[in-house]
């Protein structure tokens with residue numbers, strides 16, 4: 001299969017020369033867009049939207065119709081994997097995701113098994129295939145999954161948590177049980193991401209949303225080690241094209257060198273990390289993705305552009321930078337402000353490369 005007409009994002013992940021700094025946004029298809037809200041209304045619920053390949057394709061393409069983004073990302077949810085394990089995912093308006101059958105008993109944990117990505121998760125694979133066809137090689141498609149530890153947090157807590165009391169109690173009291181959950185999750189995520197690659201994803205990302213809640217030593221043992229296991233099993237090529245991988249731990253700035261050493265092609269940065277210092281720390285091992293504060297999108301377009309330019313300048317000359325937010329975009333973000341960000345990143349980075357030449 002031929003490469004995208006705009007492959008700037010893929011080249012930046014592989015630290016190859018680019019004409020501009022590519023940009024995409026975490027949660028770029030989402031509630032800040034009125035067209036997304038209308039599609040979700042027609043779907044009836046968030047899960048119905050996720051489980052309809054046609055509608056998932058529709059919302060994936062919506063931000064690309066508005067903005068000159070350099071990549072599309074599959075519209076789905078990180079919790080589709082534990083849902084396929086039989087935990088019963090559902091969403092409560094204003095409260096977020098919950099599980100009907102969270103992992104509470106040892107026998108439930110011992111019975112846990114990785115799902116066949118072409119079985120209960122077939123709808124995700126069908127969405128990937130449909131999105132690739134619809135993109136028609138315009139920009140690359142990113143596939144993704146939650147990290148084993150982040151998935152375990154939801155599976156054990158039963159939903160979102162402020163203190164991760166249940167999962168951390170298991171970590172310290174029964175680490176054997178948590179390791180079992182993480183091993184099953186790692187198997188599931190590796191299979192899931194490889195299936196997405198087989199169906200057309202041209203890059204994949206692991207979202208370790210809650211890894212930063214761990215202590216220094218437990219992060220390495222209970223989060224990073226399992227992401228390393230997944231990265232080692234990922235398909236590196238498909239249809240003759242290299243498939244880069246991105247690993248993002250929110251709150252993971254203190255572990256940048258360790259993350260960069262697990263074999264991924266790029267490390268995502270949240271907004272608390274200085275991108276110039278991060279580049280100095282990882283050298284040429286990996287590309288960097290990030291790290292605009294999502295709340296800065298509520299500033300004026302002029303100040304949004306100034307902050308975008310500051311980050312591009314801080315990264316410095318050369319390739320290997322994918323511009324992104326430091327976490328997901330807020331549902332209250334004015335859509336026009338996103339246009340200001342995208343335009344500023346493209347224009348300023350092109351100007352810098354022209355002057356450098």
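Can you tell me which residue in segment 55-68 is farthest from residue 123 (Cα to Cα), limited to those that are touching a strand residue (DSSP E or B) at 6+ places or on another chain (Cβ under 9 Å) and surrounded by 21 or more Cβ atoms within 10 Å (Cβ to Cβ)? Please lay out each step first, then the result.
Step one: of segment 55-68, the residues touching a strand residue (DSSP E or B) at 6+ places or on another chain (Cβ under 9 Å) are 60-61, 63-64, 67-68.
Now narrow it down to the ones that are surrounded by 21 or more Cβ atoms within 10 Å (Cβ to Cβ): 60, 63.
Details: 60: 15, 63: 22 Å.
Within segment 55-68, the match that is farthest from residue 123 (Cα to Cα) is 63.
Within segment 72-88, identify whether any single residue is assigned to a loop (DSSP other than H, G, I, E, B) and surrounded by fewer than 14 Cβ atoms within 10 Å (Cβ to Cβ), and answer yes or no. Steps first, please.
The first filter runs over segment 72-88 and keeps only residues assigned to a loop (DSSP other than H, G, I, E, B), leaving 74-79, 88.
Within this subset, residues satisfying the condition of being surrounded by fewer than 14 Cβ atoms within 10 Å (Cβ to Cβ) are 88.
Within segment 72-88, one or more residues are assigned to a loop (DSSP other than H, G, I, E, B) and surrounded by fewer than 14 Cβ atoms within 10 Å (Cβ to Cβ).
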Residue in segment 13-41 that is surrounded by the most Cβ atoms within 10 Å (Cβ to Cβ), counting only those that are out of contact with any helix residue (DSSP H, G or I) (no Cβ under 8 Å at 6 or more places or on another chain) and outside any loop (DSSP other than H, G, I, E, B)
13
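Being under 20 Å from residue 195 (Cα atoms), in contact with a helix residue (DSSP H, G or I) (Cβ under 9 Å, 6 or more places away or on another chain) and buried (at least 16 other Cβ atoms within 10 Å of the Cβ): is that true of residue 127 here?
Working: under 20 Å from residue 195 (Cα atoms): yes; in contact with a helix residue (DSSP H, G or I) (Cβ under 9 Å, 6 or more places away or on another chain): yes; buried (at least 16 other Cβ atoms within 10 Å of the Cβ): yes.
Taking the combined requirement at face value, the residue satisfies it.
Give me the residue from segment 179-193 that is free of Cβ contacts under 8 Å to residues at least 60 places away in the same chain and under 18 Å from the mean Cα position of the chain (by Cα) and, out of that set, nearest to residue 77 (Cα to Cα).
Taking segment 179-193 and keeping what is free of Cβ contacts under 8 Å to residues at least 60 places away in the same chain, we get 179, 182-183, 186, 190, 193.
Still in the running and under 18 Å from the mean Cα position of the chain (by Cα): 186, 190, 193.
Values: 186: 17, 190: 16, 193: 13 Å.
Out of the qualifying residues, it is 193.
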Conditions (1) in contact with a helix residue (DSSP H, G or I) (Cβ under 9 Å, 6 or more places away or on another chain); (2) under 18 Å from residue 135 (Cα atoms); (3) at pLDDT below 95; (4) surrounded by fewer than 16 Cβ atoms within 10 Å (Cβ to Cβ); number of the one not met by residue 5:
(1)
Total residues in segment 89-133, condition assigned to a loop (DSSP other than H, G, I, E, B) and within 21 Å of residue 161 (Cα to Cα)
9
Go through the residues of segment 90-111 one by one and say whether even a single one is within 20 Å of the chain's Cα centre (by Cα), buried (at least 20 other Cβ atoms within 10 Å of the Cβ) and touching a residue at least 60 places away in the same chain (Cβ under 8 Å).
no
Checklist (1) crowded, with 23+ Cβ neighbours inside 10 Å; (2) in a loop (DSSP other than H, G, I, E, B) applied to residue 10, failing item:
(2)
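Among the residues of segment 138-146, is there at least one that is in a helix (DSSP H, G or I), at negative phi and surrounded by 20 or more Cβ atoms within 10 Å (Cβ to Cβ)? Full working, then the answer.
Residues of segment 138-146 that are in a helix (DSSP H, G or I), as a first pass: none.
No, segment 138-146 contains no residue that is in a helix (DSSP H, G or I), at negative phi and surrounded by 20 or more Cβ atoms within 10 Å (Cβ to Cβ).
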Before we move on, is residue 202 out of contact with any helix residue (DSSP H, G or I) (no Cβ under 6 Å at 6 or more places or on another chain), in contact (Cβ under 8 Å) with a residue 40 or more places away in the chain and either under 25 Å from residue 175 (Cα atoms) or buried (at least 19 other Cβ atoms within 10 Å of the Cβ) (or both)?
yes
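Within segment 112-123, how many residues are without any contact (Cβ under 8 Å) to a residue 60 or more places away in the chain and more than 22 Å from the chain's Cα centre (by Cα)? It would help to see each step written out before you state the result.
As a first pass, look at segment 112-123 and keep what is without any contact (Cβ under 8 Å) to a residue 60 or more places away in the chain: 119-120, 122.
Still in the list and also more than 22 Å from the chain's Cα centre (by Cα): 119.
Count: 1.
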In this structure, does residue 329 turn out to be in contact (Cβ under 8 Å) with a residue 12 or more places away in the chain, touching a helix residue (DSSP H, G or I) at 6+ places or on another chain (Cβ under 7 Å), in a loop (DSSP other than H, G, I, E, B) and closer than 24 Å to residue 10 by Cβ?
yes
If I filter segment 268-291 for residues that are part of a helix (DSSP H, G or I), more than 23 Å from residue 226 (Cα to Cα) and free of Cβ contacts under 8 Å to residues at least 12 places away in the same chain, do I get at least one hit?
yes
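The values are calculated or read from the model by the stated rules, or taken from the named source; none is laboratory data. Note that the structure is a prediction, hence the values are computed from the model and not measured. Cβ: placed from backbone, ideal geometry, glycine included. Neighbour counts: every protein chain shown.
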